[in-house]
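Below is one structure; the comments refer to it alone.
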Amino acid sequence: MGDTSTSAPGHTAAQRGAQGALIATSVSALVVNANTSAVSILIPAISADTGTPTDTLQWAVTGYSLVGAAVIVTSGSLGDVFGRRKIFLGGLFLFIASCVLIALSQEGLGVIAGRCIQGAAGATILACGMSLLSASSTGKAQLRAVTLWGAASAVGAAAGPLVGGLLASTLGWQGLFWIDAAIAAVCIPITLGAVAESSDPTRPRSIDIAGTVLIAAILAPLIFALTNGSAWGWVSVRTLGCFAVTILATVGFVLVERRVKAPLLDLALLKNKVLVGATLSILLGSGTVNGIMYVVSLYFQDPASLDMNAFQAGLATLPVAAAAVVLAPLITPIVSRIGARTTIATGFVIMAVSFAALAFVQETWTYALFVLPLIGVAAGMSLQNGPCSSLSTSCVEPREVGAASGVSNMARYVGAAVMTAIVASVYGSVSATRVADGASESVALADAFSWSSISMGIWCVLGIALALLVARSVTRKPSEFEYAAAAASTSHTLTPPEAVVSGTTEPAAPTG
């Protein structure tokens, strides 16, 4: 009886902690993903309100992804060293501050700056939140918690454009950020009151700050060059200078990563062809989807094309998001039947065919003609993303799982940043050139959409070839956790729970 009386309170406290972690991490993941997917829909409204051109506001999208790419692994490392709850709370406070900054901004520069800060906050919330969730429960409860977290992420990504469009059409575009700030604020007392601290005492306490800065130094000038190259001239001093800075920063990054105790990227992982193939596939799949949805948000709302308002444009993207959500539970059975490599290749084939269909867009197209190709893009991304996410952690040794997860997560942000920059450049330059040649604005925009689709389709064709690298020499079969996690979320590759420690359990690889 004495044992029961002493163990019951501990069990109850553990349950309360697990529930608190699930609520705080799932709600915050929903808000982060909703915020991320909604901003493209808001660009025309922000442009009209602040007087900032849409091609400049493209940095509100690419800047978010650029900073997220630089921070996603570092934030996980900070959580391992200083405490995941502590860093998670820091991410929440930073997210709230960025929302307030954006909502109060009267100029586009404030919006862009706020979104860059938000990229760091969102990456931190996702990285440390998942580690907290994995450390708070075990066994089937852990699998269920991760599945719910993934479902919340998927719902947020799907609902973001619709909610953002509704708010922009009623309360104004600022409404999204005020509401997101309020919801994130609710997560703070829940985290403080119910979530236990966890860390990894075996991890080196050094943080690769230099690597983080160099990632940003690689991506920022590259995106500047891709965005402005057509206007500057691809062989102009400014464009070539940006590419030169990217190359020098890349060399510096390699040199730094060879010397630091806890590198941002373990360069030895790049010898693993399966990991490289899976990571590049994730980059291309998630990147091309982000790129085309950016163009869709502009094209659907332009008065010279479909002339939708923000709410109508958000509603128009709902079938695309719904396709990804509906297909997610089917990924594991499909992989079991036809194999990972075939599933990945099929996903890229569907994406390439869908982009090819969008290349035939004419100024006379109605919304109905866009629906099936866009659903195809989302379905194809789901097919290739799930297996690649699970393979990226199953193709390495257990001690390397955390690092491999970090590489995959970084690839998602890099893909979104680079592909959005490419497609924004194509869309802007083609439309400007066609108008200068005497075409009507509606014809110019349709041609710009067509060439944007072609540019994304080319990358998907490359993805088909990459599928040949995936699923060869896999160290171990993906676990039930990895399949469930990969199917449930398209925003994060999750570290299996056995690799996450709570401070008193077995050593783990650094989480990403």
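Structural remarks
- Accessible surface calculations at 1.4 Å, restricted to protein heavy atoms, place the chain at 39 Å² per residue.
- From the coordinates shown, semi-axes √(5λ) of the Cα gyration tensor in Å corresponds to which of (1) 51, 31, 16; (2) 36, 25, 23; (3) 53, 26, 22: (2)
- Using a Förster distance of 22 Å, the FRET efficiency for residue 15-residue 186 (Cβ separation, nearest 0.05): 0.60
- From phi via Karplus (6.51, -1.76, 1.60), per-residue ³J(HN,Hα) for region 222-228 in Hz, x at Gly/Pro: 4, 5, 4, 5, 5, 6, 9
- For the chain, the number of Lys pairs with C-alpha atoms closer than 22 Å, counting only pairs eight or more positions apart or on separate chains, is 4.
- Contour minus Cα-Cα distance for residue 236 and residue 170 (0.36 nm per residue): 19.3 nm
- Were the residues from residue 100 through residue 326 laid out at 0.36 nm apart, the gain over their Cα-Cα distance would be 78.0 nm.
- Count Lys and Arg as plus one, Asp and Glu as minus one, and take only other residues whose Cβ is under 11 Å from that of residue 435; the net charge is then -2.
- Taken along the Cα-to-beta-carbon direction at a fixed 7 Å, the label points for residue 462 and residue 86 span 4.1 nm.
- What a 1.4 Å probe finds exposed on the chain is 68% carbon and sulfur by accessible area, rounded to a whole percent.
- Were the residues from residue 363 through residue 216 laid out at 0.36 nm apart, the gain over their Cα-Cα distance would be 49.1 nm.
- Highest average packing first - 335-341, 195-201, Cβ atoms within 10 Å: 195-201, 335-341
- Percentage relative contact order, the chain, counting C-alpha pairs under 8 Å, at least six apart: 23 percent
- Amide H partners (placed H, <5 Å) of residue 309, local residues excluded: none
- Separation between Cα centres of region 290-329 and region 391-455, rounded to whole Å: 16 Å
- Note, ³J(HN,Hα) from phi for region 249-264, Karplus 6.51, -1.76, 1.60, rounded to Hz, x at Gly and Pro: 5, 5, 4, x, 4, 4, 5, 5, 5, 6, 10, 6, 5, 10, x, 4
- Phi angles across region 132-148 convert, under the Karplus curve 6.51 cos²θ - 1.76 cosθ + 1.60 with θ = phi - 60°, into 3J(HN,Hα) values of 4, 5, 5, 7, 8, 8, 9, x, 4, 5, 5, 4, 5, 4, 5, 4, 5 Hz, Gly and Pro given as x.
The values are calculated or read from the model by the stated rules, or taken from the named source; none is laboratory data. None of the values given here were measured: they were computed from a predicted structure. Here Cβ is always computed from backbone atoms with ideal geometry, including for glycine, and neighbour counts include all displayed protein chains. What goes into the accessible areas is simple: the full protein's heavy atoms, side chains included, and nothing from ligands, DNA or RNA. Shrake-Rupley method; radii C 1.70, N 1.55, O 1.52, S 1.80 Å.
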